[in-house]
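The values are calculated or read from the model by the stated rules, or taken from the named source; none is laboratory data. Since this is a predicted model, take the numbers as computed values, not measurements. Every residue, glycine among them, receives a Cβ derived from its backbone with ideal geometry; neighbour counts consider all protein chains shown.
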Amino acid sequence: MEKESRILVIDDDKTNLSYLSELLGKHYNLRTSESGEEGLKIAESFKPDLILLDIMMPGIDGYTVCEKLRSHRELSRAKILFLSARVQMSEKLKGYRVGGDDYITKPFDTGEVLAKIKVFLRLRYEEEIKTGSEAVPDEKLLGILYRMKKNLTDIIYIKSDSPYCKIFINALKNEPYKIRVTIRTLEDYFKSKDLLRVHRSYLVNPRRILSINKQKNNELKLLVQDSKSEIAMIPIGRSYHGGIKTALPHLFPW
């Protein structure tokens with residue numbers, strides 16, 4: 001499994017790239033990049049399982065690269081480990097907020113680098129197996145999804161409540177409809193033009209969105225009208241800001 005795993009290293013320091021290339025190149029399918037912009041282009045075609053990402057780089061920094069990766073449909077599942085000498089908790093929290101999975105500190109400790117890569121590649125592999133088993137819905141689920149798509153205008157939003165998803169439908173005045181399926185499966189089935197992914201746990205019918213509310217802490221929330229004609233507020237994940245702004249530019253006055 002090691003040699004088949006794809007790792008992308010993005011770091012403007014050639015010494016770091018040389019060290020990591022020598023350490024990992026024999027065991028993994030490895031690509032490197034010296035800038036965030038180039039790294040994103042390589043990721044598009046390479047489709048890495050894991051990305052080692054420097055934070056401080058000329059051009060776009062690692063946080064921005066991470067946000068772009070997390071909002072990308074085909075790259076969002078990659079494990080992202082930040083490379084940084086920074087140890088302040090505020091910096092770490094910022095990295096986690098934009099979608100990073102963990103940190104590897106500089107100067108590198110060989111044991112830490114190899115151990116964390118193995119752990120997160122194993123997690124990535126396990127997630128892939130789980131997702132693969134759900135990639136082709138059974139006939140009963142396909143029937144449900146078909147009926148949902150046929151009556152798409154009735155769907156307000158979908159909330160993940162693992163291992164189920166709750167479907168909030170305009171016609172149901174009380175409890176939401178619940179099916180045993182992952183939100184990723186629903187996202188793949190409906191595509192962004194039908195239901196928009198706005199958070200790790202939410203899909204929203206864009207036709208049901210009334211406005212976007214900016215909170216004091218700069219967090220964004222969608223306002224939608226629920227089945228009881230009441231206003232529901234749905235959080236927007238930071239890694240989804242860019243995609244939502246592209247899809248619904250008229251809702252962003254700032």
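Taking ARG31 as meeting all but one of (1) part of a helix (DSSP H, G or I); (2) within 19 Å of PHE108 (Cβ to Cβ), write down the number of the exception.
(1)
So that you can scan it fast, the table gives a plain yes or no per residue for (1) modelled with pLDDT of 95 or more; (2) farther than 12 Å from SER239 by Cβ; (3) in contact with a Ser or Thr (Cβ under 7 Å, 6 or more places away or on another chain); (4) outside the structural domain of LEU203 (by TED's automatic domain parsing):
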residue: GLU74; (1), (2), (3), (4): no, yes, no, yes
residue: ILE80; (1), (2), (3), (4): yes, no, no, yes
residue: ARG97; (1), (2), (3), (4): no, no, no, yes
residue: PRO107; (1), (2), (3), (4): no, yes, no, yes
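Which numbered condition trips up SER45, out of (1) over 21 Å from the mean Cα position of the chain (by Cα); (2) assigned to a helix (DSSP H, G or I); (3) hydroxyl-bearing (Ser, Thr, Tyr)?
(1)
Out of all the residues in the range 218-238, is one or more touching a Ser or Thr at 6+ places or on another chain (Cβ under 7 Å) and part of a strand (DSSP E or B)?
Yes, that holds for at least one residue.
It is to be established whether one or more residues within the range 50-63 are under 22 Å from TYR125 (Cβ atoms), in contact (Cβ under 8 Å) with a residue 60 or more places away in the chain and in a loop (DSSP other than H, G, I, E, B).
There is no residue in the range 50-63 that is under 22 Å from TYR125 (Cβ atoms), in contact (Cβ under 8 Å) with a residue 60 or more places away in the chain and in a loop (DSSP other than H, G, I, E, B).
Return the pairs, sorted by first residue and then second, in which the second residue is charged (D, E, K, R) and part of a helix (DSSP H, G or I), the first residue lies in the range 187-207 and is within 15 Å of LYS159 (Cα to Cα) and assigned by TED's automatic domain parsing to the domain that holds LYS221, the beta carbons are less than 8 Å apart, and the residues are 6+ apart or on different chains.
Filtered contacts from the range 187-207: PHE190/LYS149; LEU195/GLU187; ARG197/GLU187; LEU203/GLU187; ASN205/ASP194.
Kindly provide the set of residues from the range 50-62 that are surrounded by fewer than 20 Cβ atoms within 10 Å (Cβ to Cβ) and either assigned by TED's automatic domain parsing to the domain that holds ILE183 or within 30 Å of LYS191 (Cβ to Cβ) (or both), ordered by number.
Matches in the range 50-62: ILE60 only.
Would you point out which residue out of LYS47, LYS68, LYS41 is free of Cβ contacts under 8 Å to residues at least 12 places away in the same chain and among the basic types (Lys, Arg)?
LYS41
Does the range 171-178 contain at least one residue that is outside any strand (DSSP E or B), in contact with an Asp or Glu (Cβ under 6 Å, 6 or more places away or on another chain) and without any contact (Cβ under 8 Å) to a residue 60 or more places away in the chain?
Checked against the condition, which is being outside any strand (DSSP E or B), in contact with an Asp or Glu (Cβ under 6 Å, 6 or more places away or on another chain) and without any contact (Cβ under 8 Å) to a residue 60 or more places away in the chain, the range 171-178 yields at least one hit.
If you check every pair at least six apart or on different chains, which have Cβ atoms under 7 Å apart with a residue in the range 92-114 that is among the aromatic types (Phe, Trp, Tyr) first and a residue that is surrounded by 14 or more Cβ atoms within 10 Å (Cβ to Cβ) second?
Close Cβ pairs (under 7 Å, with a partner that is surrounded by 14 or more Cβ atoms within 10 Å (Cβ to Cβ)) amount to TYR103/LEU81; TYR103/PHE82; TYR103/SER84; TYR103/LYS92; TYR103/GLY95; PHE108/TYR19.
In the range 64-92, how many residues are part of a helix (DSSP H, G or I) and farther than 22 Å from ILE244 by Cβ?
4
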